[in-house]
Each structure stands twice: as C-alpha cells, then as structure tokens.
Amino acid sequence: MRKRWPAAVALLAACAAGCADATPPAPDPGPPAWVAPACPADSPEPRRGGIPDGFAVSWVLRCPIAPEQLTARAAGTVPERADTPATELLATLRRPSDPRTSRACPAMAVVPPYVVLVGADGRGLAPRLPTDGCGLPRHEALDLLDALPYRAVSG
C-alpha cells in the first residue's frame with residue numbers, strides 16, 4: 001500500500017499542474033456593430049463588436065458614462081468628438097483580448113466610455129475594447145482614447 005502513494009501524488013501533481021495552466025481562450029470581439037454615430041439613449045447595454053479589415057476612421061465620438069448613468073445613459077452625458085483618423089487607437093482596438101487568467105484578479109469593475117468610430121461615409125462602428133486577463137479594458141486603449149483631441153458636441 002505504501003508504494004501507491006508516490007504514484008498517486010505524482011498523478012495528482014500532474015493533474016493540478018495541467019489544470020492550473022488551463023485558461024479560457026480570449027473572447028472573440030464578434031461581428032462589427034454598426035450603429036448611428038450618436039450616444040445611446042436607452043439601451044441597457046449598447047452593442048459593441050469587432051472592426052472589419054479596411055475600415056478607416058474619420059472621427060471618433062465618445063460618450064462618457066458615470067456610474068449613476070448606467071441605467072439612464074443619456075442623462076447628463078456630454079458627447080465629445082475628435083476629428084482624427086485615430087490610427088494608433090484603431091490598431092490597438094484591433095488587437096485581440098488577452099486570454100482569461102486563472103490567477104486572482106482585482107475586485108473592481110471598469111465602465112469604459114461608449115465609443116463610436118465614424119468612417120468617411122458617416123457609418124458608425126461601436127468597437128469592443130480589448131481586455132486584459134481579468135476582463136478589464138486594456139489601459140493602453142483607454143489611454144489612447146483619453147489622448148484624442150476632443151471637443152464637446154451637442155447631443
């Protein structure tokens with residue numbers, strides 16, 4: 001009976017090592033979410049999606065969302081517009097999200113601004129922001145969004 005313990009311990013260690021490294025794949029951004037170039041008024045969760053190849057940005061619309069506006073998104077929201085091709089931002093938004101980690105994540109939530117990338121044809125595209133291993137929006141995407149030369153626009 002004593003000789004079975006080393007084998008059982010080795011099997012258990014191999015399973016634990018294999019299970020610890022098993023992480024879910026990165027979420028797929030999904031198909032493009034074509035939207036009107038405006039801030040959402042009453043959608044409980046605005047659609048967001050991937051960015052198709054060949055899409056070029058003419059300008060960016062950002063709709064900041066404060067925590068108290070999560071159920072009434074239009075109330076108090078000041079839309080902002082940046083007239084720029086946002087090339088670096090577009091490249092960052094096209095990057096895939098990181099796979100979900102099996103490690104501990106911070107107990108916090110980040111509510112990213114609702115963003116619409118608008119093409120020269122006037123069609124709006126609501127991109128899904130790439131996330132880190134904890135499912136939080138990547139800092140580089142948020143930093144690039146904040147760095148754009150915005151100006152306030154009427155609703």
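Near Cys134, once Lys and Arg are set to +1 and Asp and Glu to -1 for all other residues with Cβ below 10 Å from its Cβ, the sum equals 0.
Other residues whose C-beta falls under 14 angstrom from the C-beta of Leu148 contribute a net charge of -3, scoring Lys and Arg +1 and Asp and Glu -1. Taking the Cβ of Phe55 as the center, what net charge do the other residues with Cβ under 11 Å away carry, scoring Lys and Arg +1 and Asp and Glu -1? Here the charged neighbours net out to 0.
Values quoted throughout were computed directly from the atomic coordinates according to the rules given, and no laboratory measurement underlies them. Keep in mind the model is a prediction, meaning the values are calculated, not measured. No Cβ is skipped: glycine too gets one built from the backbone with ideal geometry, and neighbour counts run over all protein chains shown.
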